[in-house]
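A.B. asks: Below you will find the structure I want to go over with you.
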Amino acid sequence: MRATDATTGEALLIVGAGVAGLSLAIALGRAGIRVTVIDGASRPQTPADGRDINDWDLRVSALTPASVAFLDDLGAWSQIPENRKACYTGMQVWDAQGSGRIDFNARDVQTPSLGHIVENRLTLQALLTCAESCPQVEVLWEHGLSAMTFIDGGWEIGCDGGKIFRAALVVGADGARSRVRELTAMPVRQWSYDQSAIVGTVALATHHLDSCWQAFLDTGPLALLPLADDRKVAMVWSLDDSAHPAIAELNDEAFLRALNRALGPEAPTACQVGPRASFPLRQCHAVDYVEQGLVLVADAAHSIHPLAGQGINLGLSDVRVLSEQLIAAKTHGLTVASPTLLKRYQRQRKTENLAMMAAMEGFKRGFGSRQPLAVMARNMGLNWVDQRSWLKRWFMKQALS
Ligand SMILES: Cc1cc2nc3c(=O)[nH]c(=O)nc-3n(C[C@H](O)[C@H](O)[C@H](O)COP(=O)(O)OP(=O)(O)OC[C@H]3O[C@@H](n4cnc5c(N)ncnc54)[C@H](O)[C@@H]3O)c2cc1C
């Protein structure tokens, strides 16, 4: 058996070296807390830096200014090449079944940007560079979690390959299908959205105008997110399970035609599409984020519909609050597994996460309806909000925080 810190029994083990796991490790490592991170995958390769449509990561995230500021504090933001960060200043949202439309602009809230679109693998690579240069952090790839036993007041962690660790606190940062959650039987409330998202890179005939474009179709929302090439966007096309296979199986030419038909005249025309991948969409929320010596963060605690692009932003807020509590434990000489501090993290984060999940559910149901009255009401609603600058400003301030 190998212990991460056998002398104190205070070892802290993070399962999952995704954006959430690595950012937590860096925040703690920089505060002098020793951390081991295990991940079942191989160490990610350095991403290609070409400009070909095939060189862009299929997975991107719309990072809010608050997330960017946090990544900057960790030293990771400056590690992402400038020519791969797309600052966006506008967001155009419309109902493809009617005439409802809202345009948001950074100018309305006197801010230089509404956020940045960054490829996930670049964010990950930047965090990995920071983690690997932090002496307090050890990242072990190809160490998939396979067993967990609570014994003598701590966790015994078994990995694929047979290695065993002991930890006073285990952080589950292992994503939406969290094995930590499963092995410890932490209850969740979950349901399928009965939709899958097709993601891919799309080349446009014209400039993307540094704007996000989102159409609400009767089969689900379709978003184009501007990349750091003014004629390329990342597409996230969520489709009801009844409509998804027919679109997912189209060849490039037929897919482009379907995409342009779905976008209509409101958005720039797509002229080329790269490889595509599909993700089934589920809403999942752990009933509790905290158990004895155990805490869940980010997608392991909650996963939501990508329509508002909030997944990793909520995850980074979890990480910020949890790291503050764990650093406070160290400052006050408490155990890292202090139930009081872990519960404080849960209280703070659950409220915000639940509010966002409820809002996304409302959006999804409201825009999923084909009832003529519901269609009319939401079109009137979109136009009504669009004409009230104070209300638009309020929406934008919520989204930026
Ligand atoms: C189609 C789509 C579009 C999205 N768009 C956006 C967007 O625009 N903005 C946004 O904020 N969010 C978006 N999201 C959500 C965002 O991708 C997630 O919130 C984010 O990736 C979660 O990060 P994480 O670190 O919690 O988990 P993950 O990124 O899933 O990382 C989990 C890590 O744990 C590891 N792991 C898993 N199991 C084990 C195991 N048994 N043992 C050891 N390691 C393990 C994995 O290898 C991985 O490295 C989108 C999601 C989807 C599906």
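The values are calculated or read from the model by the stated rules, or taken from the named source; none is laboratory data. Because the structure is a prediction, the values reported are computed rather than measured. Please note: Cβ atoms are built from the backbone with ideal geometry, for glycine as well, and neighbour counts cover all protein chains shown. Areas reflect the complete protein model, heavy atoms only, side chains present, ligands, DNA and RNA absent. Shrake-Rupley method; radii C 1.70, N 1.55, O 1.52, S 1.80 Å.
A.B. asks: Just the accessible area per residue of the chain, please: how many Å² with a 1.4 Å probe? Show your work: numbers first, answer last.
C.D. replies: Working: 17430 Å² over 401 residues.
The answer is 43 Å² per residue.
A.B. asks: Right, something else. Taking 0.36 nm per intervening residue step and subtracting the Cα-Cα distance, what contour gain separates TRP141 from THR335 on full extension?
C.D. replies: Details: separation 194, 0.36 × 194 = 69.84 nm, distance 2.72 nm.
Full-extension gain reported as 67.1 nm.
A.B. asks: In addition: What full-extension length gain, to one decimal in nm, is calculated for ARG177 and THR111 as 0.36 nm per residue of separation minus the Cα-Cα distance? Present the calculation step by step, with values, prior to reporting the outcome.
C.D. replies: Values: separation 66, 0.36 × 66 = 23.76 nm, distance 3.65 nm.
The span from ARG177 to THR111 would gain 20.1 nm if fully extended.
A.B. asks: How do 25-36, 145-156 rank on mean C-beta neighbours within 10 Å, highest first?
C.D. replies: 25-36, 145-156
A.B. asks: I'd like the antiparallel share, as a percent to the nearest 5, of DSSP beta bridges with both residues in the chain.
C.D. replies: 75
A.B. asks: Compute the distance in nm between two label points, each set 7 Å from the Cα along the Cα-to-Cβ direction, one at LYS163 and one at ALA205.
C.D. replies: 5.4
A.B. asks: Apply 1/(1 + (r/R0)^6) to the Cβ-Cβ distance of GLU266 and GLU156, taking R0 = 45 Å, and write down the FRET efficiency to the nearest 0.05. Please report the intermediate quantities before stating the final value.
C.D. replies: Numbers: r = 56 Å, r/R0 = 1.25.
Rounded to the nearest 0.05, the efficiency is 0.20.
A.B. asks: Still on this structure, I have one more. Over the alpha-carbon set of segment 249-371, work out the extent along each principal axis and list the three values in angstrom, largest first.
C.D. replies: That works out to 62, 35, 24 Å along the principal axes.
A.B. asks: Next question, about the same structure. If the reach is capped at under 14 angstrom between alpha carbons, list the aspartates and glutamates near LYS343, excluding any in the same chain fewer than eight residues apart.
C.D. replies: By straight Cα distance, LYS343 reaches ASP288, GLU291, ASP318, GLU324.
A.B. asks: What Kirkwood hydrodynamic radius, in Å, does segment 12-400 give when the mean of 1/r is taken over all pairs of distinct Cα atoms and then inverted? Mind showing how you got there, number by number?
C.D. replies: Values: mean 1/r = 0.0457 Å⁻¹.
One over the average 1/r among Cα pairs gives 21.9 Å for segment 12-400.
A.B. asks: Give me the percent of accessible area attributable to carbon and sulfur for the chain, probe 1.4 angstrom.
C.D. replies: 53
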